[in-house]
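Since the structure comes first, as structure tokens, the remarks are kept for the end.
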Amino acid sequence: MKQPDNKRVSRCSGCSVVKSGTLVIEIINERSNYLPNNLTGGNVKFPQKKMKIKKGKLILLLILILQSAAIFTANAQVTKIPHGILVKAGGRQVGLTIAKDAAFCLSLNLNNAITPSTVKSVFIDDSNKAVAPFTVISASPSYGIKTPYGKVMINTASSTWSLYNAAGRVLIKDGAYSFTDSSIQITYTAEGLLYGSGNLSSKELEKNRSASGVWNGAAGIPYFWNNAGYSAFAVSANDDKPATWDRGKDKTTLTWKFAGKAANLYLWPAKTMYDGVRGYVKLTGRPKLPPRWAFGYLQSQWGWADSTYIRDVATKFRTHKLPVDAFIFDFEWYTTLPDYSVAKEGKAGFSDFTFNPKLFPRPATQIAELKDQGLKFIGIRKPRLGNTALLDTARKNGWLISPKTDSRDLNFSNASLRKWYEEKNRPLIKAGVDAWWDDEGESYYTCYYWWNTAQRDLLASARPNYRHFTLNRAFSPGNQRFGYCTWSGDIPSNWPSLAEVPMDLLNFSLAGMYYGSCDIGGFQGTPTKEMLVRWFQAGVFFPIMRSHSNIGTTARFPYLWGTDGEAAMRKALDFRYRLLPYIYSLGHEAYNSGAPIMRPLVMEFPADTTVANMTNEWLVGKGLLAAPVLNEGGKRNVYLPNDTWYDYYTGNVIQGPKTISVDKALDEIPVYVRAGTILPVGPVVQYSEETSDAPLEIHIYPGKNGSFKMVEDDGTSYNYTKGKTRTTAYYWNDATKTLSWKVNGSYSGKNVYKTIEAVLGKQEKGAIIGKKGSLVFK
């Protein structure tokens, strides 16, 4: 055995390290046939197998091990625990462990008699069983663990901890921790720009604090990425009392606060925002894809009058060639009156789990007729009951969140309540309901998580392997595992509200909510025609495109807004449907890597201070820059960062960085494409599942090499999680002017594209896709 230096570390996660003076003993692993298979706190166990070591070397080895074990026992500074170590520092025990294959976890506990360990939390993805390999570092007075992505150390003399990246650069230096009778704090210096944490504390992208709740269209998330090169995510003892952070008045001293007796702070080196979100989804879960139809246009309103009205609206959308994939129904689909005036005792005969016969006298038949026209059914749900008898049952079983108050809200974290709720909703799923719209569930932080758990479990049993999709008014960490959309709440119908929507949705993207949406046109009030058109145009570039309106206002049906208004909205809808191959493929990218569909410019241009907090324009993927008009009059400035950009409609080339002024007619949208982008563009269809024999257009934007992975699947099942996809990897070689492609995957449904039309400026070349191919442009 070599004599290592003072910072030499062991080689595997299955070993223990002890220290004797400046000598670190390395135990290779449990599978060794000549080394001890366990060495923790001085307890040495010898293997049963015959040792194949020369006698002299064996004696020396045993002396070293026993000597080190004795000293280790005396010091008792480090104890091996699952996936890490326990360190005594400042009279406290601190846990240092590996979290999945992404992060470190710093664990603290108020009760020093209890070993700090990972807090059980619904925020963390239990399905990810990966654990990174690690080594233990013992260099008194410092102890720590090291992985391929970095290391974390605790100094037992000063009771401080530090985080390093893989290159050994310190990211957090001399962090501290402190305790009160009922809370824990972790403090350290955090300079640089911080992003993430949702939109509850601020709608700005840059953050100096987080919030610890959910609200109407808003959420505070205990996560951030620091452009100093790391990310942080925290879990407290109670998921419904999440941790918060605040950088204070000096904007440098950051304090995490944890209510309760336990605290877990997850940390991981992350050079870029992409690294940050990649680590975040490894911890909290991959964002599952909604069904493909949810990427189309979703038409909602409060005020569907009756069955004839529903049929007439569907007919008008189809005859007017206005693409749409779903109708979303408010209160009136299941009850004849809203429940806002219902007393705490409930109302006798109130309908909670049946169809309103005025709208749906023949529910299964009518929903099937809508589906024949390519229209899915989404129904609103409230987190409470209105029926007296059902409320009596809920109170008797302790299923309400606060039985002693006037609240009628259900406690979905109760497993028996969830089973009962599932059975009450099962006939609705059997009748054809495709998805739910969950509203007003902000009574406790994890309400939407448990509510979606009940709905997902019901769908899995009633319609196996069909993708879960819900619209929700807030979110908490990990909800992206459901195939989950959050809309920005019951917003007013005015220009400032339109301008705030991308602020909200970009903050969603940076906080783990991948499918953001809004009430296009605003909920409260009636927009002007110009405002509604501009809202539709912005919605083209949101992850989920949905309009909605309050009862008593003019519905956001495009054909109600004049010939020019309808034409402009139709043009926007056509553009959305043409972009579906691109946007849906970005959904797969999000699932595989954590990269959001809707991205702030700072993700791609982190060194550009102009875009550090920019929200009035954004990227869809890496290459498509949306700068819709968000104000009255059609004029705006557009900033194009340092790259070559193409006007999507004219093909004009603009070299950034540059700010340009545009003046757009009612039906025009400022859209730009980055050099090196390969943009798949489909034909115009009236709903996402409508098939077409038209070729897939592959638009090439030269100036640099480029690539894009176009992903196709069945659009409704979870088979994509098992590799049942068809991925066509397109490559552009700018030097040779060659587009090439290669197809992988086993999916071969009728909806896959068979031919392409490659477009380079004014040149077009067609080809059969096959398994691979190439096209050369002159």
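Each residue of region 318-333 was assigned a 3J(HN,Hα) from its phi angle through the Karplus expression (A = 6.51, B = -1.76, C = 1.60, θ = phi - 60°), giving 6, 6, 8, 6, 10, x, 7, 10, 7, 9, 10, 10, 8, 2, 5, 6 Hz with x at Gly and Pro. Straight-line reach from K207: taking Cα to Cα under 16 Å and skipping same-chain neighbours fewer than 8 places apart, the lysines in range are K249, K251. About its Cα centre, region 176-257 has a charge dipole of approximately 140 debye under the convention of +1 per Lys or Arg Cβ and -1 per Asp or Glu Cβ, with nothing else charged.
A viscosity of 1.002 mPa s and a temperature of 20 °C, combined with the Kirkwood radius over Cα pairs in Stokes-Einstein, give a translational diffusion coefficient for region 432-573 of 134 µm²/s. In whole angstrom, region 260-304 maps to an equivalent ellipsoid with semi-axes of 35, 18, 10, each derived as √(5λ) from the alpha carbon gyration tensor and ordered largest first.
Among 311-324, 187-200, 468-481, sorting by the average number of other beta carbon atoms lying within 10 angstrom of each residue, highest first, gives 468-481, 187-200, 311-324. Reported value for region 265-364: 202 Å³ per residue, from the convex hull of its C-alpha atoms. Note on K376: lysines with a C-alpha under 18 Å away, same-chain residues under 8 apart excluded, are K316, K321, K430. Dipole size of region 125-204 about its Cα centre, with +1 on Lys/Arg Cβ and -1 on Asp/Glu Cβ: approximately 320 debye, rounded to the nearest 20. Each of I184, V743, L96 was placed along the dipole of the chain (beta-carbon charges, centred on the mean Cα), and the one lying farthest toward the positive end is L96. The mean of 1/r over all pairs of different alpha-carbon atoms in region 609-722, once inverted, gives a Kirkwood hydrodynamic radius of 16.3 Å. With contributions of -39500 (n - 2.57) from each DSSP H run of at least four residues, the per-residue ellipticity at 222 nm computed over the chain stands at -6500 deg cm²/dmol. A Cβ-based charge dipole, computed about the Cα centre of the chain with Lys and Arg at +1 and Asp and Glu at -1, lands at about 3700 debye. Taking every DSSP bridge with both residues inside the chain, close to 80 percent are antiparallel. Per atom type, the chain shows carbon and sulfur on 51% of its accessible surface, probed at 1.4 Å. If contacts are Cα pairs under 8 angstrom and at least 6 residues apart, what is the relative contact order of the chain in percent? After rounding, I find 9 percent. Between K737 and D392, the C-beta separation translates, for a Förster distance of 60 Å, into a calculated FRET efficiency of about 0.20. Other residues within the sphere of radius under 15 Å centred on the Cβ of S202, judged by their own Cβ, net out at 0 (K and R +1, D and E -1).
Summary of packing: across the peptides 544-554, 346-356, the per-residue average of other C-beta atoms within 10 Å ranks them, highest first, as 544-554, 346-356.
Using a Förster distance of 41 Å, how high is the FRET efficiency between D312 and K635, based on the Cβ-Cβ distance and rounded to 0.05? With a Förster radius of 41 Å, E is 0.60. Here is the link list: K704/K737; K241/K261; K724/K750; K100/K129; K261/K282; K709/K772. Which ones come out longer than 18 Å on Cα distance? Distance filter (> 18 Å) returns K261/K282.
Extension gain for S178-K371 works out to 63.6 nm (0.36 nm per residue, less the C-alpha to C-alpha distance).
Look at the dipole of the chain built from charges on Cβ: of V136, Q301, T486, the Cα furthest out on the positive end belongs to V136. Pairwise alpha-carbon distances in the chain exceed 40 Å for 41% of all pairs. For K635, the lysines whose Cα comes closer than 26 Å to its Cα, not counting residues fewer than 8 places off in the same chain, are K203, K529, K571, K622, K658, K664. Between T563 and A460, residue separation times 0.36 nm minus the direct Cα-Cα distance comes to 32.7 nm. Angle, helix 447-462 long axis vs. longest principal axis of the chain, Cα atoms, 0 to 90°, nearest 10? Once rounded, one gets 70 degrees. Most tightly packed first, judged by the mean number of other beta-carbon atoms within 10 Å of their residues, the peptides 740-753, 665-678 read 665-678, 740-753. The residues of the chain present an accessible area of 38 Å² per residue when probed at 1.4 Å with all protein chains retained. Stretching K754 away from D663 to a fully extended chain increases their span by 28.8 nm, per 0.36 nm per residue minus the current alpha-carbon distance. The relative contact order of region 307-372 comes to 36 percent, based on Cα pairs under 8 Å that sit 6 or more residues apart. Helix 363-372 axis versus longest C-alpha principal axis of the chain: approximately 90°, rounded to the nearest ten. The long axis of helix 529-539 is offset from the longest Cα principal axis of the chain by roughly 40 degrees.
The values are calculated or read from the model by the stated rules, or taken from the named source; none is laboratory data. Note that the structure is a prediction, hence the values are computed from the model and not measured. Because the Cβ atoms are built from the backbone with ideal geometry, glycine has one as well, and the counts that use them run over all protein chains shown. Protein only, heavy atoms only, side chains kept; ligands, DNA and RNA dropped before computing areas. Shrake-Rupley method; radii C 1.70, N 1.55, O 1.52, S 1.80 Å.
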